[in-house]
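Below: the structure, in structure tokens.
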Amino acid sequence: MPEIKKDIVNSFLSRANQTLDFIPGYLANGDYFTAVNRSYYAAFYAIKALEINDGYDDYSKHAAVISCFRQFYIKTGIFPAEFSELIGMLSEDRTSGDYDVLSSFTGNEASAAYEASKTIVKKLCDHLA
């Protein structure tokens with residue numbers, strides 16, 4: 001793999017893990033919106049790293065990145081079908097939080113988003129190791 005590509009993949013993985021590291025603080029402070037938002041982005045960064053690593057680096061829209069993940073990694077059995085539901089939930093919650101100003105999240109919902117994100121990020125990092 002070219003060095004620049006490897007650097008980009010590692011940067012996305014680092015960003016995914018750094019983002020995860022901050023989420024417990026948001027949960028502890030009751031900032032559930034930010035916890036949900038950052039949970040989505042941590043998983044998104046890890047998915048982006050995976051796709052760039054494997055040559056699927058021409059997707060710039062979030063929906064296209066998620067669609068590629070589902071098509072080439074979930075439908076093929078590389079990752080469990082459960083991941084499609086998890087990233088779907090994270091994406092829907094992030095969109096709701098960003099665009100529906102009346103939306104809110106409970107501590108349980110934010111914690112569930114964090115757990116889903118940790119599951120995805122860990123599995124993708126292990127796969128890329």
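A compact table of results
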read-out	value
Candidate set: region 51-63, residues that are part of a helix (DSSP H, G or I) and over 11 Å from the mean Cα position of the chain (by Cα); chosen: the one nearest to Ser96 (Cα to Cα)	Ala63
Selection count where residues are part of a loop (DSSP other than H, G, I, E, B) and touching a residue at least 24 places away in the same chain (Cβ under 8 Å), scope region 74-102	2
Candidate set: region 27-42, residues that are aliphatic (A, V, I, L, M) and under 19 Å from Leu86 (Cβ atoms); chosen: the one farthest from the chain's Cα centre (by Cα)	Leu27
In region 1-26, residue farthest from the chain's Cα centre (by Cα) [restricted to those that are within 21 Å of Gly88 (Cα to Cα) and buried (at least 18 other Cβ atoms within 10 Å of the Cβ)]	Ile23
Scan of region 28-37 for residues that are in contact (Cβ under 8 Å) with a residue 40 or more places away in the chain and surrounded by fewer than 19 Cβ atoms within 10 Å (Cβ to Cβ), ordered by number	Gly30, Phe33
Residue ID - surrounded by the fewest Cβ atoms within 10 Å (Cβ to Cβ), chosen from residues in region 38-58 that are farther than 17 Å from Ile78 by Cβ and of a type in the set (Ser, Thr, Tyr)	Tyr41
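Values in this text are rule-based calculations from the coordinates and carry no lab data. Just so we're clear, the structure is a prediction, and the values are computed from it rather than from any experiment. With ideal geometry, Cβ positions are generated from the backbone for all residues, glycine too; neighbour counts draw on all protein chains shown.
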